[in-house]
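Here it is, the structure in full.
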């Protein structure tokens, strides 16, 4: 009789063992499929997170590393090369770069006009509240923030609608060598300024000054309330100007022998999914990444993806554990079956059946039961995967939130001025993932199930090779 036919009859005859094996195989298939589905869902969530954060990658000074260098240097002084157009141009030529923007940040002193003051400013001054000066000795307290740009229209605050041009035009690449400026509506109304008006500013060291023509007026929807302890005019969003980056560098003071340079270069990629590829290529360029860093809103990305990535890592571990444990359990079942069916094998061997076909029969039995388990798991796997994924994700989010409460500001350095953060990115951790098995997940499940079935059958069945029909039948009698 054909060994495959014998396998079918054996599965049908031994209903209890078949049922137990089917249940175990179904559990294995469901958990393995859940692991693969969660991993696929994580990859989709990663792409969505990148899409949400945008395709911008910023080259800027790494303030954490700079501070570490200062702490290690006994003099407390280190030389830092400024970010130059030549350095920025190396990355601008890389693949996936669609466009780029230079940003230079500085603070200046209003000359001949008044910075906008909110009622909060006035109240604090009336109550005698003192605002600590952030200026070094010999420097004037600034009251205007000036951001130099190559193309103002590419700034995130203008692209997302936080800022909107209401009169005139935006700063463009054609203005690179011009003395022009875009100011906020409240500041313009406070000083009766309009498109075509002239404004003067001085550097905080009083060594340079500049006169700018107002070419545009924008309105910001951002709050005019400054952070606690920073109640200074220069921190008020109404007192922010945008000028060509070269013009802003002219009124940026030189600190000792440090020449002013570009604060940030923002590269706009053709697709957010190419972010990591761009960063990898950029790291190969001749740029001092001990001083500068590439930031693709990585902190925001980590906050969004942290819990999900932990779940994905755990699910990967589960796949390995379940696969190994499943193979061991099924192997024990096969081993017990072999011991119980020694007489059957002795008879088959005595009539000339080959040992290889006996092993093939046990393998066929496991594969037959595994096929049923595989088919059933396709219906139950998605439901279980979603339940497991949601449960694990909620636990990770709870742990993450608890850690944030216990260590709300640990390791965070806030820098005001060139090189400091320019825009706050408020994001929440992704708290839901759509876990559903893909064709690739199902194919991987079939492959893993096949490997488990083979190992669970072949290894215990090796004992059949030592069997002799006469010995088996003699001991049985």
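The values are calculated or read from the model by the stated rules, or taken from the named source; none is laboratory data. Note that the structure is predicted; figures quoted are calculated from it, not measured. As a convention, Cβ positions derive from the backbone with ideal geometry for all residues, glycine included, and neighbour counts pool all protein chains shown.
Within the range 362-383, how many residues are over 42 Å from the mean Cα position of the chain (by Cα) and either modelled with pLDDT under 80 or not assigned by TED's automatic domain parsing to the domain that holds residue 36 (or both)?
The number of residues fulfilling the criteria is 0.
When the residues of the range 152-184 are filtered to those that are in a loop (DSSP other than H, G, I, E, B) and within 27 Å of the chain's Cα centre (by Cα), which remaining residue is surrounded by the fewest Cβ atoms within 10 Å (Cβ to Cβ)?
Here the answer is 161.
What's the number of the condition residue 125 fails, among (1) out of contact with any helix residue (DSSP H, G or I) (no Cβ under 6 Å at 6 or more places or on another chain); (2) at pLDDT 90 or above; (3) under 27 Å from residue 253 (Cβ atoms); (4) part of a helix (DSSP H, G or I)?
Result: residue 125 passes all but (2).
Something else now. Please enumerate the residues belonging to the range 256-277 that are in contact with a helix residue (DSSP H, G or I) (Cβ under 8 Å, 6 or more places away or on another chain), at pLDDT 80 or above and more than 16 Å from residue 84 (Cα to Cα).
Passing the criteria: 268, 269, 275.
While we're here: Determine whether the range 129-140 contains at least one residue that is on the phi < 0 side of the Ramachandran plot, surrounded by 13 or more Cβ atoms within 10 Å (Cβ to Cβ), modelled with pLDDT of 70 or more and in the same structural domain as residue 201 (by TED's automatic domain parsing).
Yes, the range 129-140 contains a residue that is on the phi < 0 side of the Ramachandran plot, surrounded by 13 or more Cβ atoms within 10 Å (Cβ to Cβ), modelled with pLDDT of 70 or more and in the same structural domain as residue 201 (by TED's automatic domain parsing).
Given the options 187, 193, name the one that is at pLDDT 90 or above, under 40 Å from the mean Cα position of the chain (by Cα) and outside any strand (DSSP E or B).
The unique qualifying residue is 187.
How many of the residues making up the range 196-208 are assigned to a loop (DSSP other than H, G, I, E, B), at pLDDT 90 or above and on the phi < 0 side of the Ramachandran plot?
The number of residues fulfilling the criteria is 1.
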